[in-house]
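> Structure below; questions to follow.
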Amino acid sequence: MIKRFVGENGLRIIFEPNHTVRSVSIGIWIGTGSRFENKDENGVSHFLEHMFFKGTKNRTAQQIAESFDSIGGHVNAFTSKEYTCYYAKVLDTHAEHAVDVLSDMYFNSTFEANELLKEKGVVLEEIKMCEDTPDDIIHDLLSKACYGDHSLGYPILGTEETLQSFSSDSLRHYMEQYYHADNVVISICGNVDESFVEYVQNVFSLMKGSSLKKRLQKPQFKQQYLTRKKDTEQAHFCIGYEGIPVENKDIYSLILLNNTLGGSMSSRLFQEVREKRGLAYSVFSYHSSFHDSGMLTIYAGAAQEQVDELFNVMMHTVGELKENGISEKELNNGKEQLKGSLMLGLESTNSRMSRNGKNELMLGRHRTLDEITQEIDLVTTDQVQKTAKSIFNHPYALTLISQEGKLPKNVH
């Protein structure tokens, strides 16, 4: 059902019709994020995303907001390390209106000086809010520990210093580098037909192409321990291992390994740390995949006096997985959880639009659910153990935020 259209300017449009709903979701996906910034412009991707909503040649910021509120739809955006997305979800009868507003934001944002100044204040408050949330900033700190001065270690929000340096000229310069047709994907899902795709193609035919190719520098994973003293009730810490890139053949083995480690309520970490020992309220793990790298993260928050025991339990759990792998029961449970999560997550046009846009941008291909399910079902316990040994045999990075800023005793 997924159809791919490529315009003369190189713009890709991914279309998945769904005539059982009355909604349409439209996303503009740009292949840039904090990874593509240099140190002096860190945060520009995220700030540019904010400024798209602050007025165009045709609409004020309030009119942009009202243009969706008045039709019962919604519009939003987000920035990650490797891509940025602007998206809207509306009733099918308002699909063209949504495209009109999104394209106006894309082509005609004015970046007026007064709006720039106000939005810098907004983003600064966002940075401060993150700083006041240690279970958020601990993950940014881990990226810095794992990737050092490489741009994958930069915070997506940037810093107060870089934020103050942004101008309308610097935003336009950044757009010229990355906001061009062959680095953009428009993803559409919902109750529309191919005539709507033609309409979108026509509206965005003004988008310029580029001969410039993105050049990514592969990061070197580092074994660093970073701590920060902060007046918090809990000690928050993360352990990071080098993971695998998004296109790696072992990606499903790693997802199943992570699920057993700390990806669900039945995971070993959750059961051992929270249910059996009561050492922490929040403990989990997750994997982040990038074009040429990846990171497996383990997080927990606990009282400072329990950090040593908690760290020992976590490392013992990792050691058990490395030496003995997972059981058939854990493997089968993980497969069903993964397939269930995948299928249940595709019950809305917005989630399907997101999946298709990200797949086109990151992978350049689209697999059916049957193909993905088959790949998941083929994973064996031996493959998961091989993946565990590959990841856990390497040094880890660790970050900690607490009142004392004191590392666990057995860190090495």
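The values are calculated or read from the model by the stated rules, or taken from the named source; none is laboratory data. Bear in mind that the values here come from a model prediction, so they are computed numbers and not experimental data. Cβ: placed from backbone, ideal geometry, glycine included. Neighbour counts: every protein chain shown.
> Looking at the stretch 12-28, can you tell me whether even one residue there is over 20 Å from Arg352 (Cβ atoms) and among the β-branched types (Val, Ile, Thr)?
Scanning the stretch 12-28, I find no residue that is over 20 Å from Arg352 (Cβ atoms) and among the β-branched types (Val, Ile, Thr), so the answer is no.
> Follow-up. Output the residue which, of all residues in the stretch 1-46 that are in contact with an Asp or Glu (Cβ under 7 Å, 6 or more places away or on another chain), of a type outside the set (Gly, Ala, Ser) and buried (at least 23 other Cβ atoms within 10 Å of the Cβ), is farthest from Pro155 (Cα to Cα).
Looking at the filtered set, the residue picked out is Val24.
> Return the pair list, or none, for Cβ contacts closer than 9 Å from residues in the stretch 68-80 that are in the same structural domain as Val99 (by TED's automatic domain parsing) and over 21 Å from Thr93 (Cβ atoms) to residues that are assigned to a strand (DSSP E or B) and among the β-branched types (Val, Ile, Thr), at least 6 apart or on different chains.
Cβ pairs passing all conditions: Ala77/Ile28; Ala77/Thr84; Phe78/Thr84.
> For the stretch 217-228, name all the residues that are out of contact with any Lys or Arg (no Cβ under 9 Å at 6 or more places or on another chain) and part of a strand (DSSP E or B).
Tyr225, Arg228
> Would you confirm whether or not the stretch 128-146 contains a residue that is at pLDDT below 95, in a loop (DSSP other than H, G, I, E, B), out of contact with any Pro (no Cβ under 8 Å at 6 or more places or on another chain) and farther than 30 Å from Thr60 by Cβ?
Within the stretch 128-146, one or more residues are at pLDDT below 95, in a loop (DSSP other than H, G, I, E, B), out of contact with any Pro (no Cβ under 8 Å at 6 or more places or on another chain) and farther than 30 Å from Thr60 by Cβ.
> Name the pairs: first residue in the stretch 178-199 and closer than 16 Å to Gly27 by Cα and hydroxyl-bearing (Ser, Thr, Tyr), second residue surrounded by 20 or more Cβ atoms within 10 Å (Cβ to Cβ) and modelled with pLDDT of 95 or more, Cβ to Cβ under 6 Å, at least 6 apart or on different chains?
That search, which allows pairs on different chains as well, returns Tyr179/Ile30; Ser187/Ile14; Ser187/Gly27; Ser187/Met353; Ser187/Asn356; Ser187/Gly357.
> Moving on. Looking only at residues that are acidic (Asp, Glu) and touching a residue at least 40 places away in the same chain (Cβ under 8 Å) in the stretch 99-147, which one is farthest from Glu233 (Cα to Cα)?
Selected residue: Asp100.
> Let me ask another. Would you mind finding the one in Lys81, Lys57 that is among the charged types (D, E, K, R) and surrounded by fewer than 16 Cβ atoms within 10 Å (Cβ to Cβ)?
Just one listed residue meets the conditions, Lys57.
> Right, next: State the number of residues belonging to the stretch 148-162 that are over 17 Å from the mean Cα position of the chain (by Cα) and either in contact (Cβ under 8 Å) with a residue 24 or more places away in the chain or assigned to a loop (DSSP other than H, G, I, E, B) (or both).
Number of matching residues: 6.
> Quick check: is even one residue across the stretch 193-211 farther than 26 Å from Ser354 by Cα and either in a helix (DSSP H, G or I) or not aromatic (Phe, Trp, Tyr) (or both)?
yes
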